[in-house]
Amino acid sequence: MSSSSDDDAPLARKAPNGVTKTKDRILGAKTDRRPSTNGTAYPGVSIRHGPVDEDGDSPMKDPSHVNGAALGKRRSRGSLTNGKSYKDLSDSEEADNKPLTKRRKTSKVLVDSDDEDDIPLVRKAKLPPRVDARQFGNSSDDDVPLNKKLANEKAKIEKRAEQTAEAIKSDAKKLKKKATVEESESEDDVPLVRKKPVSKATTNGVKSSAAAKKAKSKAKPEPAVAPKKSAKKKAEEEMEEEEDEAAAEEEFKWWEQPVQGDGTKKWTTLEHNGVVFPPPYQPLPKSARLIYAGTPVTLPPEAEEIAGFYGAMLHSTVNVENPTFNKNFFEDFQAKLDDVGHGVDAKGNKIKIKRFEDCDFTKIHEYYVNEREKKKNRPAAEKKAEKAEKDEAEAQYMFCTWDGRKQKVGNFRVEPPGLFRGRGDHPKTGRVKKRVNPEQITINIGKEAKVPDPPKGHHWKEVKHDQEGTWLVMWQENINGAYKYVMLAANSDIKGQSDFKKFEKARELKKHIARIRKDYTKELKSEVMADRQRATAIYLIDKFALRAGNEKGEDEADTVGCCSLKFEHVTLKPPNTVVFDFLGKDSIRFYDEFEVDQQVFKNLKIFKKAPKSEGDEIFDRLTTSALNKHLSTYMQGLTAKVFRTYNASWTMASLLRDMKSTGTIAEKVKDYNDANRKVAILCNHKRTVAASHGTQIEKMQEKINGLRYQKWRIKMMMLDLEPKLKKKKGADYFKLDEDLTPEWLEQHQAALVEEQRQKITKKFEKDNEKLVADGQKPMKQKELDERLEVATDMAKKFKKENKTKKVEAEGKGASVDKFEANLDKLDQRIETMRVQLQDKDDNKEVALGTSKINYIDPRLTVVFSKKFNVPIERFFSKTLREKFDWAIKSVDEDWEF
DNA sequence: CTCAGCCAGTCCGTTGTGTAACC
DNA sequence: CGGTTACACAACGGACTGGCTGA
């Protein structure tokens, strides 16, 4: 705020127009709907504070007032973002934050006993029974965080699981084969390991099963020019070996060490080799010039590089057709041109790049597409050799020494320059992300360690010895000014420890959850607005796994979480259904309808009450810091995030606990994945539906239809052999399914014929090629025509079948029994395909990975794996096994979340 | 002729990497 | 500020397919 007097200026003058943004160069700057948090960004714009703040000193019941920091943050939140001032509000609203008992005198708004007044839409008589209190954790651990969404999903999945189980059973032969392979492999483990005690003879059995595999596959002669093992792999193997040696004596198991220190000092000694910089810019060849208004232009390399960024992504319509992207890009491009000089044409005449519309990047694009193609098509050996070389050069950066132990570094590469692509509707999309110089880089390293050399002729920005940080290298990025850190990989001790702590914290919540739920259920009726909002928010976070929802600035995409939910994100459907529709983290849409506690419904209605309208925050008396501060009174370190972890793991735990232990390994894996999916749905982890999804589904459906048609033909053949069957089996048995219409039939038959033709033609061409290669004359067209007669005959046959409604029995030794067997096979295939199709479709927009990596306590998976005898490899990939090493080695099957 | 078994090529799901977005 | 969480996309690798061969 530039001047304090502004504080009190009436906001009614409509913020959007009154704003002169210093940053107006940002394309399509959205209308200013919210004040900045610190109140300084928009000089001349008044930020109104609600009566709360004006009365800030008066004794309030609102506990957040006690806290100065919270107050500071809240100041900006007191205002309504649609330009309405609290001063303009009705008397009842003016008393907004005062004890509701007081308000009762002036307004009926929050009178609990007065539901009808409060929610006129709801007829008292028709009020549904209150949501069962049990759902809300008055007491036990049995409180179910599952929501309706999950319940539906559960029913769906269960149904499908049944289908699958059947399909799988019916496909027993295949599966049995598979199962035996699996079993034999795991059995192999033992003798193999015994024979070769050198290899990692322990729990995970990765190596041994790999070895078994190797032994099985017939010793393939290594290609003569076998490129040397990539340095990366070598380095990793070396480490494993070292580990093995150490394991033989004493592997460092931090999870078995006593907890020490206050956790602020993260290391004592730290050695590392710094970072790898991206390769320098390679100027484009003459053929790949930017064409400006029809003239090829030679640009200074620095500008050309930026043009190159754009040209390289010309095929990416999401970017190139986004006006914000183009505007931001061109602004930065022009700025660079103004800085380093515009281009020249072939004769050396200066060309000034003025209009984006006159820029033609297609030549640049073609060049990059071409290069990529070339790179892709190189011989495999060459590719491998290059990779090996690169790995070797980078090997020294892959590991560091942390308190004397070798640890993997996560991201040792400095991010290369390019065009920033923020997710969702990001105001800065298209801006140039600049190349990072050593002079911008800070190194964090042990005092005794050798500081890595900066590239020749350069120096580091700073060298620190901060033992409270876990980062090795840090720099600031130019788009948002965010800090980027090089830290250890997920499988490192330090990351494992903090992962462990995270889940322990979530488990600790179990002890407090009943009390917390009881409290917030009570506080849903609090007479203090701030408390009531807070209770409602905790309810939503607990039940629906919403994120906290911090305030966001103008320079970020407009996404929300619980505390930042706005008027338009929540729709109320009496009697007690709430529809959420908003963009969450990463601009992923959260859409769902929930039935909520009656009191919650009522509260939300109050929080949405006029004069609030679109753009206004629902929880205008609540900030994430106030929320988290309150939560931490229950338990040290408790924040909104912990609820997500807790509810995710808790859900997984209860699903796995109730799982039946029967079935094949594949079935168990599927059961596990189904549980995983429920957690993913709870957390709203989505992925974009693959562009090819629709066609893939269609293809599968068409395949199924083809099989069904085959079934019909076989039945008709049976009839051909034994006409009596018609009576025996009934006429319906021999009818073609109705959805396979005559039109479809014709089309399908045509497709079959065409397929046949293609096959024959392809083979013919191939044969000819062979002949020519052998120095003989190719066959003539006539030969092809003759061969194609097979297809023509097929078409004729179909035609005849369609006409006579009969199908002649095919194949020699045809018998009804044989046909019956064929039918059974077809049925099985159809069933498995149906299940597959359903699975695929249901899974198209659910991402399982995120919850598996971040929310589900890995020990749950380990327990499941042990209890049901499914190798852990079926659940955790190699990297995940490394990441969760602590979990795999630390629990037995009795462990409980 | 049929069929299992093998190989190469293609397809497609999974895994790993990169870095943005969040608290 | 420094950490975790999140998705997209590239790279990888296993499954499937068609063609071929020999029993």
Additional length obtainable on full extension of the chain from A:Glu302 to A:Ala335, 0.36 nm per residue less Cα span
10.7 nm
Accessible area (Å², 1.4 Å probe, nearest 10) - A:Ile665
30 Å²
With every protein chain in place, the accessible area of A:Tyr591 for a 1.4 Å probe, in Å² rounded to the nearest 10, comes to 100 Å²
Rounded, prolate or oblate: which one fits segment A:461-531, using the alpha carbon gyration tensor with axes a ≥ b ≥ c (rounded when a/c is under 1.5, else prolate when a/b beats b/c, else oblate)?
oblate
Given the C-alpha centroids of segment A:797-873 and segment A:667-712, what is the distance between them in whole angstrom?
11 Å
Cα Rg, Dmax, segment A:693-843, angstrom units:
19.2, 62
Quick one: which of A:Lys729/A:Lys797; A:Lys728/A:Lys818; A:Lys266/A:Lys510; A:Lys363/A:Lys762; A:Lys608/A:Lys686; A:Lys406/A:Lys464 span more than 24 angstrom between C-alpha atoms?
A:Lys729/A:Lys797; A:Lys266/A:Lys510; A:Lys363/A:Lys762; A:Lys608/A:Lys686
As an exercise, use a Förster radius of 45 Å and the Cβ-Cβ distance of A:His315 and A:Lys797 to find the FRET efficiency, rounded to the nearest 0.05.
0.45
Checked against a 23 Å limit on the C-alpha separation, the offending pairs among A:Lys678/A:Lys867; A:Lys505/A:Lys670; A:Lys518/A:Lys609; A:Lys428/A:Lys585 are A:Lys505/A:Lys670; A:Lys518/A:Lys609
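What's the ranking of A:714-726, A:375-387 by average number of surrounding C-beta atoms within 10 Å, highest first? Don't jump to the answer; show the numbers that get you there.
Details: A:714-726: 16.9, A:375-387: 12.1.
Per-residue Cβ counts within 10 Å, averaged per peptide and sorted highest first, yield A:714-726, A:375-387.
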Return P(r) of segment A:267-467 (all Cα-Cα pairs; 5 Å bins starting at 0; whole %; ordered from short to long distances).
1, 7, 12, 14, 15, 13, 12, 11, 8, 4, 2, 1, 0
Not counting ligands, DNA or RNA, and with a 1.4 Å probe, what is A:Trp254's accessible surface area in Å² rounded to the nearest 10?
30 Å²
When Lys and Arg each count +1 and Asp and Glu each count -1, what net charge do the other residues less than 15 Å away from A:Val340, Cβ to Cβ, add up to?
-1
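Could you rank A:Lys641, A:Lys728, A:Lys433 by how accessible they are, 1.4 Å probe, largest area first? List each step's numbers first, then the result.
Working: A:Lys641 125, A:Lys728 170, A:Lys433 45 Å².
Largest accessible area first, the list is A:Lys728, A:Lys641, A:Lys433.
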Label points 7 Å out from Cα along the Cβ direction at A:Ala514 and A:Arg423: separation in nm?
3.8 nm
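The values are calculated or read from the model by the stated rules, or taken from the named source; none is laboratory data. Given the structure is predicted, the values throughout are model-derived calculations rather than measurements. Using ideal geometry, Cβ is built from the backbone for each residue, glycine included, and neighbour counts are taken over all protein chains shown. Only protein heavy atoms, including side chains, enter the accessible area calculation; ligands, DNA and RNA are left aside. Shrake-Rupley method; radii C 1.70, N 1.55, O 1.52, S 1.80 Å.
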